[in-house]
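Presented below is the structure to which this report refers.
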Amino acid sequence: RQLLEAHGDIRVMVNAAAPGRQSKGFAEVEVVSTSGVGAARLVRRIGKNRRVHEADMAGEFAGLMKFTAAGRQILDETLKRLFQEDTSCTGQSTTFSLPWWLEPVQRASLCDLLQHMADEGVSIHVAMGFGGWHEVNTPQDLQRAWNDTALFLSVEDTREQVKAMGACLLSEANDLKRPLPIVAKELNVKLELLECLLQGNLEVSDAFDVIHKMSEVYAVPLNDLWLDADDTNGGVRCFSLEAAESSSRVLDRKDKWGDQTPYYEYRDSAMSRCSQFRPEWIKVLRVVRSGDPLDPDIQMNNGHLMMQT
């Protein structure tokens, strides 16, 4: 969405969180540095080994681009010229010369192409994203991403929730007689981040980070800024059998021999952020038939019987 709404004939998506730094190290990140602000913000450096200091990076290239018809024409002309100029395999001479890092063209990366275009003065605009991305390189990464997104709201519900929190932040900023640029400076966040919050273009977790900073820096209660989304359909929350089975987990308890062995199987049930009640499905796995309440095979739970069905 941010990429589609960004200005310019050529636009790239940049993830400000740069998750690649944690998963593969800064040296392997396709770094993006920029110049200018707002709609005039353009790519200056993009790719690996571009001599960009980590503190100066705008983020990590997310691998997504958008071209208008005019942008596509610029790209086509650049590619045509590059392959005409590449004489590294023919031994022919040319009045033009390629940067060494573009030779041979057949091995150049997309970031190499974008860097070359930026060096030639082509305006490559930036769409900034703040979090909400997952780096998936292994089965474990995929499982982690699934766990993180299993209970997400719909895109539209999330946007409306974040947008409402942005409206609360703006209202408090007005009461504090502080325009957004001053708020950004005093919270030590980018102005673009606050603008994304107002438009609903942030993940809920990133929106929470912003309003939490707002509550820490100013005398504004957190509950005046945070809003829970209505995740029901007309007040009803549906939960499928498949979703319940996928949440299954087994809890161990000590048995009479002192060993940890399976005791309960738990599964989630229909839960809503709008309710304080947390129903859950439970199955006893250790059946005790002695009739003795002091049987050491019996283990009692602590204080949440009302949530078990």
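The values are calculated or read from the model by the stated rules, or taken from the named source; none is laboratory data. As the structure is a computational prediction, the values presented were derived from the model and not from experiment. All Cβ positions, glycine included, derive from the backbone under ideal geometry; neighbour counts span all protein chains shown. For accessibility, only protein heavy atoms count, side chains too; no ligands or nucleic acids. Shrake-Rupley method; radii C 1.70, N 1.55, O 1.52, S 1.80 Å.
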Has region 241-251 got any residue that is at pLDDT below 85 and either of a type in the set (Phe, Trp, Tyr) or under 26 Å from Glu160 (Cβ atoms) (or both)? yes
Report yes if Asp231 is assigned to a loop (DSSP other than H, G, I, E, B), charged (D, E, K, R), surrounded by 15 or more Cβ atoms within 10 Å (Cβ to Cβ) and more than 25 Å from the chain's Cα centre (by Cα), otherwise no. no
Given the conditions (1) surrounded by 13 or more Cβ atoms within 10 Å (Cβ to Cβ); (2) outside any loop (DSSP other than H, G, I, E, B), every one holds for Arg286 apart from (2)
Please verify whether region 156-165 includes one or more residues that are more than 28 Å from Ala244 (Cα to Cα), modelled with pLDDT of 95 or more and open to solvent by 50 Å² or more (accessible area, probe 1.4 Å). no
Scanning region 188-198 for residues that are touching a helix residue (DSSP H, G or I) at 6+ places or on another chain (Cβ under 7 Å), in a helix (DSSP H, G or I) and surrounded by fewer than 18 Cβ atoms within 10 Å (Cβ to Cβ) gives Leu191, Leu198
Identify, by number, the condition in (1) open to solvent by less than 30 Å² (accessible area, probe 1.4 Å); (2) modelled with pLDDT of 80 or more; (3) out of contact with any Gly (no Cβ under 6 Å at 6 or more places or on another chain); (4) within 21 Å of Leu193 (Cα to Cα) that Glu60 doesn't meet. (3)
Would you mind telling me which numbered condition in (1) surrounded by fewer than 17 Cβ atoms within 10 Å (Cβ to Cβ); (2) touching a residue at least 24 places away in the same chain (Cβ under 8 Å); (3) not in a helix (DSSP H, G or I) Trp257 fails? (2)
Given the conditions (1) within 36 Å of the chain's Cα centre (by Cα); (2) not in a loop (DSSP other than H, G, I, E, B), every one holds for Tyr263 apart from (1)
Determine whether Glu242 is open to solvent by 70 Å² or more (accessible area, probe 1.4 Å), part of a helix (DSSP H, G or I) and over 30 Å from Leu198 (Cβ atoms). yes
I'd like to verify a number: residues in region 210-223 that are surrounded by 15 or more Cβ atoms within 10 Å (Cβ to Cβ) and assigned to a helix (DSSP H, G or I), how many? 5
